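Notes follow the structure.
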Amino acid sequence: MSTVASAPLFPPPVRRWLPADFDATSEARVVAACAELTARAPRGVESLVAWLADLDELESAFEGAEARAQIAVMRNTQDAAPRRRHLELQQRVKPAVRAAFDGLDRIYLECHGRASLEPAAWMCFDRLRANRAALHRPENLPLIAQESELQLRHDERLAGLLVSFRGEAHTLPAMARWLDETDGALREQSWLAVQRARFGIAPDLS
C-alpha cells in the first residue's frame, strides 16, 4: 500500500528574497543576510518599503526557527539532541543575530524615507522599532543567553509534570478539559489538583 506524505499543518510562507534552502539556525547565514541588507540601505520611501519586506522575511525565518526548536524540546523532554540544538540557537546564535538586527533597526530609524511612510499603516511598526532600538543594550545579550537556559529548565519541568486526578495521571494540557467544565465543583477539584502538582515542584521552579 502506498503512503502519501501529509502536508505540514502550518507550512512556512513562500520565500520571496531568501533562498529556499536558507538555514535560519545558522549564525553565519543570518548574519550574512543582515550584512546584505546593510549594504543596500534604503534611501527613499519606495526602496524602504521593499527593504522592510526583506527584513521582515528574515526576521520571520529566524523566529520560526526559534519556535520549531522549542517545540521539538517540549515534544520529548527526555531527548537530549533537540535540547542541545535549542540551547545552541538561544545561547550562541541569537545574541549575534540580535546585535545584527539592532544595526538594521538603526538603519531604518535613520532612513529619510521613514518620514514619508503612511502613519495609519506604519505607526505601530515605527513605534516598536524605535522602542526596540532604545532598549537594546549589548551588555544584556549574555544575560539573555543565561535566561534562555533557565526558561528551558522551567518549561521542561512543567512539560513533564503529571497531575493526579480521578485516579489517573494527566499532563497539564490534558487537565484543560476539566478546568473548562461548566460544573463548578468539578472545575474547582481539577484546579486544586493542578495547583497541588505545581506546588510539589515549586522548589525546582524558584
Notebook entry, point to check: So how many residues does segment 16-41 have that are at pLDDT below 95 and over 24 Å from residue 85 (Cα atoms)?
Noted result: 1
Note to self: Taking the condition of being within 20 Å of residue 58 (Cβ to Cβ), open to solvent by less than 40 Å² (accessible area, probe 1.4 Å) and small (Gly, Ala, Ser), how many residues in segment 80-117 meet it?
What the structure shows: 4
Item checked: Considering residues of segment 60-78 that are hydrophobic (A, V, I, L, M, F, W, C) and in contact (Cβ under 8 Å) with a residue 60 or more places away in the chain only, the residue surrounded by the most Cβ atoms within 10 Å (Cβ to Cβ) -> 73
Next item on the list: Starting from segment 163-188, take each residue that is at negative phi and list its partners that are among the acidic types (Asp, Glu), counting only C-beta distances under 8 angstrom and pairs at least six apart or across chains.
Entry: 187/180; 187/181
Note to self: Among the listed residues 67, 72, 100, identify the single one that is within 20 Å of residue 18 (Cβ to Cβ), among the small types (Gly, Ala, Ser) and touching a helix residue (DSSP H, G or I) at 6+ places or on another chain (Cβ under 9 Å).
What the structure shows: 100
Next item on the list: Would you check if there is a residue in segment 138-157 being β-branched (Val, Ile, Thr) and either touching a Leu at 6+ places or on another chain (Cβ under 6 Å) or closer than 30 Å to residue 43 by Cβ (or both)?
Entry: no
Margin query: Just to be sure I understand the filter: pairs with C-beta atoms under 8 Å, separated by 6 or more residues or on different chains, first member in segment 1-29 and under 18 Å from residue 56 (Cβ atoms) and among the small types (Gly, Ala, Ser), second member open to solvent by 90 Å² or more (accessible area, probe 1.4 Å) and at pLDDT 70 or above. Which pairs pass?
Written below: none
Check: Given 31, 93, 97, 49, which one is assigned to a helix (DSSP H, G or I) and over 27 Å from residue 148 (Cβ atoms)?
Finding: 49
Notebook entry, point to check: Considering segment 73-86 alone, what residues qualify as being over 13 Å from the mean Cα position of the chain (by Cα) and either of a type in the set (Asp, Glu) or at pLDDT 90 or above (or both)?
Noted result: 79, 80, 81, 82, 83, 84, 85
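The values are calculated or read from the model by the stated rules, or taken from the named source; none is laboratory data. These figures come from a predicted structure and were not determined experimentally. Using ideal geometry, Cβ is built from the backbone for each residue, glycine included, and neighbour counts are taken over all protein chains shown. Just so you know, the surface numbers come from the protein's heavy atoms only, side chains and all, with ligands and any DNA or RNA stripped out. Shrake-Rupley method; radii C 1.70, N 1.55, O 1.52, S 1.80 Å.
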